[in-house]
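To start, the structure itself, in structure tokens.
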């Protein structure tokens, strides 16, 4: 608090002492006021500074003009009065009837109340909590302690001094902290939904493998179950996933109704198109099975089972498309959770269906059921349950749409409303997925043939799919969730012709996802064997070991696969679907050629393992091409040095971690065996060593993204 004002001293209750302005000179017989001993020497030169060489500034000493500032003549320097002496007592004691007298307004310029010239009118007083805790808040909070400083605002009832109006300050740009916080929240919500979905998907694959085995019957169902997804992606899925999100964002910004009419037209068009596609696909089911796997089509019993399964599964194409369109409409409105959480319902329905199958017929190891012995009732049960799961998943989106304010009304006025442009953009995306699925078909045919030629369980297409399901989980949880939240923002930046913002967002997506993608990729390489022997123990030790080797071969390919996904989002933000098509043609060609080479050169037992390694090699080639093209599109700058440095340092930290963690896991498997207990112990011990070594190495390398993640986690935990 400020010292009492001199004018208040000695006043009575009704005194007429001065309440403002400069102090009056002393009259005859009055004692002049004593100078304030606390401030009279505040601006004198420090006599101790010249004696301490460590605090002298050599530049200031060199530039100091001593000729213009000569020292005082000898004998003229006045000795300063001693500091911190007690001030002189007031002439009259304070009046006890006055509780606290309000000081007058502070005079302009330096004063002994605010010695550095600050004025209460332009000084904002805040506390430490406001500076530290509210630093990332976008909204301005009122000062909770402002009432403590009202005594500096002037006496009650005094009119404010008129001043010239100052121009209004420019609005402050939105803080990046708030924007990043929103992205983290959206990404966390989607990551949680995707994590639960993938975990239930794991359980689904475990139950399917336990019910049908990893031999020809399991391959037949897997091909029939994969076929609808492939057809959906080949027809409209690619365009819905990438092209229509920027279009929905633009319609929300430009249309008067917020894009609702455009979304209704899009949903109606997709429903009509998918209805026609489903009818044609069900009719052509035998030909489609032959296209996917000539090996199964040539076996009469396997072909019959596969075609029956396919005709139950193919109508799910319609519900896949409806679910995706509804999810993209919600994403464009900032609602990201529903699209990631509703697939959990599909997995639950399928788990229940296959659980009923096991309850009735037993596991594959118990019943030894094959394509010749599976009853028609069992095929019907599995087919209806698979279809019902997708129906429940699509219908679960309706409440979320109603909550977001969207009401579906079929609209068939498709011409002249921008859908033609969208279809043209989707044309290249369809060619993109066509090239991608062409490579998938080649791998499916080769993997099915290799599994039958080897005569061993776990060497066919089902083993390849199960290992790929585990391998793709980090990509779906981390990279897809981060980019799903960033894609609308990247689209807006591209629409506003801001390549710098696009570059920064893509760089952020790459580096943030790499923190988890890189160590997980090395973990698959080091601990793929105990992972699969633990998860797929019900399929038999031989089949589980084969899946483990396939997962190890997939391992490091996760890094270029994740980078490729992020980089292609930059092209889609600019509505450039032609470049991703050409890039995917190269990836598919490399994958097909390398897989065919593995099928010819390697033994049938190891052919699928080589195909898994070829998958990562193909995406490594594609990343190099896509990176160069996107860098040229953004003006030659993609923050490449920062991104490459982050990935290189993360890999250097992961290599010793993978060597030590894999060694520990292998030693535990040798000591305890490859059963469920031994695999679990090996996975826990090896994983703990791998994560510990990686974290210590990354901290020693001072990797910025690791430190940021640790700080965020500690902040969340309150430590």
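The values are calculated or read from the model by the stated rules, or taken from the named source; none is laboratory data. Bear in mind that the values here come from a model prediction, so they are computed numbers and not experimental data. FYI the Cβ positions are ideal-geometry reconstructions off the backbone, even for glycines, and counts take in every protein chain you see.
Check 615, 619, 572, 599 and return the single one that is over 23 Å from residue 520 (Cβ atoms), at pLDDT 90 or above and surrounded by 19 or more Cβ atoms within 10 Å (Cβ to Cβ).
From the options 615, 619, 572, 599, the qualifying one is 599.
Could we say that residue 589 is surrounded by 14 or more Cβ atoms within 10 Å (Cβ to Cβ), within 25 Å of residue 704 (Cβ to Cβ) and out of contact with any strand residue (DSSP E or B) (no Cβ under 6 Å at 6 or more places or on another chain) here?
no
If you scan segment 536-552, which residues turn out to be surrounded by 24 or more Cβ atoms within 10 Å (Cβ to Cβ) and touching a helix residue (DSSP H, G or I) at 6+ places or on another chain (Cβ under 6 Å)?
536, 539, 544, 546, 547, 548, 550, 551
Look through 393, 368 and report the one residue that is out of contact with any helix residue (DSSP H, G or I) (no Cβ under 9 Å at 6 or more places or on another chain) and either at pLDDT 75 or above or assigned by TED's automatic domain parsing to the domain that holds residue 294 (or both).
Unique residue meeting the criteria: 368.
Testing residue 459 on (1) over 18 Å from residue 528 (Cα atoms); (2) outside any helix (DSSP H, G or I), one condition comes back false. Which one is that?
Result: residue 459 passes all but (1).
Which residue out of 307, 349, 276, 325 is outside any loop (DSSP other than H, G, I, E, B), at pLDDT below 90 and assigned by TED's automatic domain parsing to the domain that holds residue 218?
Exactly one of 307, 349, 276, 325 is outside any loop (DSSP other than H, G, I, E, B), at pLDDT below 90 and assigned by TED's automatic domain parsing to the domain that holds residue 218, namely 325.
Out of segment 606-641, which residues are over 25 Å from the mean Cα position of the chain (by Cα), touching a residue at least 40 places away in the same chain (Cβ under 8 Å) and over 18 Å from residue 445 (Cβ atoms)?
613, 617, 635
Out of curiosity, is residue 561 touching a residue at least 24 places away in the same chain (Cβ under 8 Å), surrounded by 23 or more Cβ atoms within 10 Å (Cβ to Cβ) and in a helix (DSSP H, G or I)?
yes
Among (1) surrounded by fewer than 20 Cβ atoms within 10 Å (Cβ to Cβ); (2) under 16 Å from residue 551 (Cα atoms), where does residue 438 come up short?
(2)
Looking at segment 642-659, is at least one residue touching a residue at least 60 places away in the same chain (Cβ under 8 Å), surrounded by 14 or more Cβ atoms within 10 Å (Cβ to Cβ) and either touching a strand residue (DSSP E or B) at 6+ places or on another chain (Cβ under 9 Å) or over 19 Å from residue 558 (Cβ atoms) (or both)?
No: segment 642-659 contains no residue that is touching a residue at least 60 places away in the same chain (Cβ under 8 Å), surrounded by 14 or more Cβ atoms within 10 Å (Cβ to Cβ) and either touching a strand residue (DSSP E or B) at 6+ places or on another chain (Cβ under 9 Å) or over 19 Å from residue 558 (Cβ atoms) (or both).
Would you say residue 533 is more than 21 Å from the chain's Cα centre (by Cα), in the same structural domain as residue 654 (by TED's automatic domain parsing) and either surrounded by fewer than 24 Cβ atoms within 10 Å (Cβ to Cβ) or at positive phi (or both)?
no
I need a count of the residues in segment 447-466 that are modelled with pLDDT of 85 or more, under 12 Å from residue 607 (Cα atoms) and surrounded by fewer than 24 Cβ atoms within 10 Å (Cβ to Cβ).
Of the residues in that region, 1 qualify.
Among the residues of segment 677-702, what is the count of those that are surrounded by fewer than 17 Cβ atoms within 10 Å (Cβ to Cβ) and closer than 12 Å to residue 531 by Cβ?
Qualifying residue count for the region: 2.
With the requirement that a residue be part of a helix (DSSP H, G or I), touching a residue at least 12 places away in the same chain (Cβ under 8 Å) and under 30 Å from the mean Cα position of the chain (by Cα), what does segment 379-402 give you?
The answer is 389, 390, 391, 392, 393, 394, 398, 400, 401.
Is one or more of the residues making up segment 679-701 under 23 Å from residue 509 (Cα atoms), assigned to a loop (DSSP other than H, G, I, E, B) and either at pLDDT below 90 or in the same structural domain as residue 531 (by TED's automatic domain parsing) (or both)?
There is at least one residue in segment 679-701 that is under 23 Å from residue 509 (Cα atoms), assigned to a loop (DSSP other than H, G, I, E, B) and either at pLDDT below 90 or in the same structural domain as residue 531 (by TED's automatic domain parsing) (or both).
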